[in-house]
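The values are calculated or read from the model by the stated rules, or taken from the named source; none is laboratory data. None of these values were measured; they are calculated from a predicted model. Glycine also receives a Cβ, built like all others from the backbone with ideal geometry; neighbour counts cover every protein chain displayed. Remember, those area values only see protein heavy atoms, side chains included, never the ligands or the DNA or RNA. Shrake-Rupley method; radii C 1.70, N 1.55, O 1.52, S 1.80 Å.
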Amino acid sequence: MIPFIGRRLLSTIPTLFGVLVVAFLLLNVVPGDPVAEMVGERADSATIARLRAQLRLDDPLPVQFGHYLWGAVRGDLGRSYITQRPVLGDLVERFPKTLQLALSAMLLAATCGITLGVIAAVRPGGGVDRFSMLLAYLGVSFPVYWVGLLLILLFAVLLRWLPPSGYGGGGIAFLVLPALTLGTRSIAVLARMTRSAMLDVLPSDFVRTARAKGLPESRVVGRHAFRNALLPLITVLGLDVGNYLTGSILTETIFSWPGVGRYVLLAIEKRDLPAVQGSILFLSVTFVLVNLLTDLLYAKADPRVAYD
């Protein structure tokens, strides 16, 4: 296991270096001047020139990239042009809120999606099966921003059950709508994946043997069939958690959730180059670590998996 983890971590180095290069080049070819965003349109040319020299924006691109790369290796992602604080500190402050939203969405999606999928597979062609498949088609068809606005209209404006946006100190009432919005697509995908995996496993010989021994149907389905159908679900859940942590920009913007996604969007709007570059690197490392954890969970779910 340890050599496998070491090889995976070493293989991430060229990946992260490529992310740094692509992000740096793309951000430097995008039109706009970050200094003009900082000081406004009324600033004189002398002030703009002094700030550009202070921020090393007049240096050649290879020199700028080398300076940023050396700082990233040392754990210094630069200082935000907007907040005037270290980018890493801003990300560490906002990441727990994004993590809270991502884990809530994953818990909701796993509970609802897997339950619907298992029931649909046990009784194929029944009412729950048809409902889960309808939900799956609708869930993968509707965009996140549309689902979020619809939930706000229904539960916050019309019914007045939940607050429309904000963090509210992390209260559950403020978390329900963002988590449901973020997890809707995953509920649909997990329901379909669980149903398909369970339908493949239920006709197996070991399931028939368990039933022939007189075991309760709940034990046959839950302990024998579901465990063998778990491997593809771990893959989907791992990818979804990575996507939640790195791609929740729309959800955080709609609900004014003070997480990393909203921070990245604000940095892009203001041409805050250190904040955007640092956020991309931080989220890339997060995604890589989540995928590594997913691979490690395979061995727990299926003893046949070995890391040689």
query: Is it true that some residue in the range 213-235 is within 24 Å of VAL288 (Cβ to Cβ), under 17 Å from the mean Cα position of the chain (by Cα) and in contact (Cβ under 8 Å) with a residue 60 or more places away in the chain?
result: yes
message: Can you pull out every residue in the range 239-252 that is under 21 Å from GLY117 (Cα atoms) and open to solvent by 50 Å² or more (accessible area, probe 1.4 Å)?
response: LEU239
task: State whether one or more residues within the range 162-176 are open to solvent by less than 40 Å² (accessible area, probe 1.4 Å), of a type in the set (S, T, N, Q) and either within 28 Å of THR98 (Cα to Cα) or touching a residue at least 40 places away in the same chain (Cβ under 8 Å) (or both).
output: no
task: Please go through the range 43-82 and pick out each residue that is without any contact (Cβ under 8 Å) to a residue 12 or more places away in the chain and either within 28 Å of SER248 (Cα to Cα) or not in a helix (DSSP H, G or I) (or both).
output: ALA43, ASP44, ARG56, ASP58, ASP59, PRO60, GLY71, VAL73, ARG74
query: Is at least one residue of the range 110-123 under 22 Å from PHE174 (Cα atoms) and of a type in the set (S, T, N, Q)?
result: yes
task: May I ask you to list the residues in the range 197-238 that are open to solvent by less than 60 Å² (accessible area, probe 1.4 Å), among the polar types (S, T, N, Q) and either at positive phi or in a helix (DSSP H, G or I) (or both)?
output: THR235
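Considering every residue within the range 147-158, establish whether at least one is surrounded by fewer than 12 Cβ atoms within 10 Å (Cβ to Cβ) and either touching a residue at least 24 places away in the same chain (Cβ under 8 Å) or assigned to a helix (DSSP H, G or I) (or both). Break it down stepwise before answering.
Filtering the range 147-158 for residues surrounded by fewer than 12 Cβ atoms within 10 Å (Cβ to Cβ) gives 157-158.
Cutting the leftovers down to either touching a residue at least 24 places away in the same chain (Cβ under 8 Å) or assigned to a helix (DSSP H, G or I) (or both) gives us 157-158.
The answer is yes, given that some residue of the range 147-158 is surrounded by fewer than 12 Cβ atoms within 10 Å (Cβ to Cβ) and either touching a residue at least 24 places away in the same chain (Cβ under 8 Å) or assigned to a helix (DSSP H, G or I) (or both).
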- prompt: In the range 258-278, what residues are buried (at least 24 other Cβ atoms within 10 Å of the Cβ) and under 16 Å from the mean Cα position of the chain (by Cα)?
  reply: GLY259, VAL260, GLY261, TYR263, VAL264
- request: For the range 177-193, enumerate the residues that are touching a Phe, Trp or Tyr at 6+ places or on another chain (Cβ under 7 Å) and open to solvent by 40 Å² or more (accessible area, probe 1.4 Å).
  value: none
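Does the range 137-144 include one or more residues that are open to solvent by less than 70 Å² (accessible area, probe 1.4 Å) and over 25 Å from LEU245 (Cα atoms)?
no
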